[in-house]
Amino acid sequence: MEALHSTYPGLYGKEYDEKEMDARFGHLVEKHKEMFGKTDPAIFSAAGRTEIGGNHTDHNLGKVIGGSVNLDTIGAVSKRSDSRVIIASEGFPVVDVDISDLSIKDGEKNGTDSLVRGIAKAFLDRGMNVGGWEANTTTRVLGGSGLSSSAAIEVLIAEIFDSLYNSDSLPPIELAKMGKYAENVYFGKPSGLLDQACCAQGGIVGIDFRDSDAPVLTPIDISFEDYGYTMIITDTRGSHADLTGEYAAIPPEMREVAAFYGKQNLREVSFQDFIRDMRSIRERIGNDRALLRAYHFFTENKRVDFMLQTLKEGDIDGFLAFVEESGNSSFRFLQNVYPSSSPQNQGLSLAIALSEEILQGEGAVRVHGGGFAGTVQAYVPEGLVGTYIKGMESLFGPGCSMKIAIRRLPVSRIL
């Protein structure tokens, strides 16, 4: 495992246990030998992601800021001589797909096997090569944590095809597009590109989705730890069951406002026109929440620009002020901090309230990701980290809070 020692900082930041990581990767390789009889597999890693700015804007061609994090999915991989792809993910049934057949299968929707077929099809559609391989994986990107475990496995699969059969010829954003294609067409989920792009890219990156086929990336080289802050994600352990309608309502409500102007997405509409025409829009569509969500979209887009500028300048206080603004806008205007269908379940609201009580005006806290249930993101001064975690655990239980660092390396073959 010594060959990986120089890679660990790029994967896990400043705080990691070298011996623990050696044991983790060593166990992965031993498991590969046990399962597949191969002693020298290739090693791959794909990160989870955190949303830093641009809450619910990507689906209307907006602007976001995201970052790869130091929680990853790792895989030991060997080539096969046939067209089978076998993935043994720790804690899940083995996936075994023959990619000589890349037709969409209804019975595979919402499963990893559909992602394998979809990503293989995306490579072939580009005139690139695919072939069989076998892998065992383990992950620290917890499902339901808002850190995008599904996107991590998608870009991992794409990177394996690219490395084994195409000499690592594609940049991370193209691997992300393949993951999105597979998720949309084969898996059956109409997601945007945000999660896959952030998992694939590495570091902090601003993404402008005005042209969704060619998003503009703005990488930012910054470590919050260098400014005395630790990012902490707290899982409030609320159920996402029955929340599909809450999530699904946001994009079309924003598009109701865009349709007033004969446009498909809010990015095609002028904020000044929206403010001028607010009364007419209200009378036409009869949905005040749609107007409030549109207001969030326009102001959040501007806020992303300001956040990127403060990060470039190292203005951490200015950045944290915009984080608070973003969270307040999500709460008041986007309205994704608790489900309107179940107002008695407000774990995120409680987490924000307790965070503000502990932080006392220092740092910042906001809803993280899709919202309604799940996680909040806090930037906590180093001196308050222990107090903050203890406070969150007193409400949501042991292990609910995770210290997060930004990972610099993209999805990649690391050995």
Name the pairs whose Cβ atoms lie under 6 Å apart, with the first residue in the range 189-202 and under 22 Å from Asn70 (Cβ atoms), the second in a loop (DSSP other than H, G, I, E, B) and among the hydroxyl-bearing types (Ser, Thr, Tyr), and 6 or more positions between them or separate chains?
-> Asp195/Ser148; Cys199/Ser148
Hits in the range 11-54 (condition: touching a Leu at 6+ places or on another chain (Cβ under 8 Å) and of a type in the set (Val, Ile, Thr)) = Ile43, Thr50
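Residues are listed down the side, and each one gets a yes or a no for (1) closer than 30 Å to Ile204 by Cα; (2) surrounded by fewer than 20 Cβ atoms within 10 Å (Cβ to Cβ); (3) at pLDDT 95 or above:
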site	(1), (2), (3)
Glu90	yes, yes, no
Ile99	no, no, yes
Asn110	yes, yes, no
Gly127	no, yes, yes
Glu134	no, no, yes
Arg140	yes, yes, no
Ser148	yes, no, no
Pro171	yes, yes, yes
Leu175	yes, no, yes
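Conditions (1) buried (at least 24 other Cβ atoms within 10 Å of the Cβ); (2) within 24 Å of the chain's Cα centre (by Cα); (3) acidic (Asp, Glu); (4) within 30 Å of Thr375 (Cα to Cα), marked per residue:
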position	(1), (2), (3), (4)
Met21	no, yes, no, yes
Ser45	yes, yes, no, yes
Val69	yes, yes, no, yes
Arg80	no, no, no, no
Asp96	no, no, yes, no
Show the residue pairs that are 6+ apart or on different chains and have beta-carbon atoms under 9 Å apart, the first residue being within the range 84-95 and in the same structural domain as Lys31 (by TED's automatic domain parsing) and more than 12 Å from Lys31 (Cα to Cα), the second being aromatic (Phe, Trp, Tyr) and part of a strand (DSSP E or B).
-> Arg84/Trp133; Val85/Trp133; Ile86/Trp133; Ile87/Trp133
Could you tell me whether the range 257-269 includes any residue that is of a type in the set (Gly, Ala, Ser) and surrounded by fewer than 20 Cβ atoms within 10 Å (Cβ to Cβ)?
-> yes
Scan (1) over 26 Å from Met254 (Cα atoms); (2) among the aromatic types (Phe, Trp, Tyr); (3) without any contact (Cβ under 8 Å) to a residue 40 or more places away in the chain for the single condition Tyr338 breaks and write down its number.
-> (1)
Sort out which residues of the range 206-256 are of a type in the set (A, V, I, L, M) and touching a residue at least 12 places away in the same chain (Cβ under 8 Å), and write them in order of number.
-> Ile207, Leu217, Ile220, Ile222, Met231, Ile232, Ile233, Leu243, Ile250, Met254
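The values are calculated or read from the model by the stated rules, or taken from the named source; none is laboratory data. Computed from a predicted structure; not experimentally measured. Cβ: placed from backbone, ideal geometry, glycine included. Neighbour counts: every protein chain shown.
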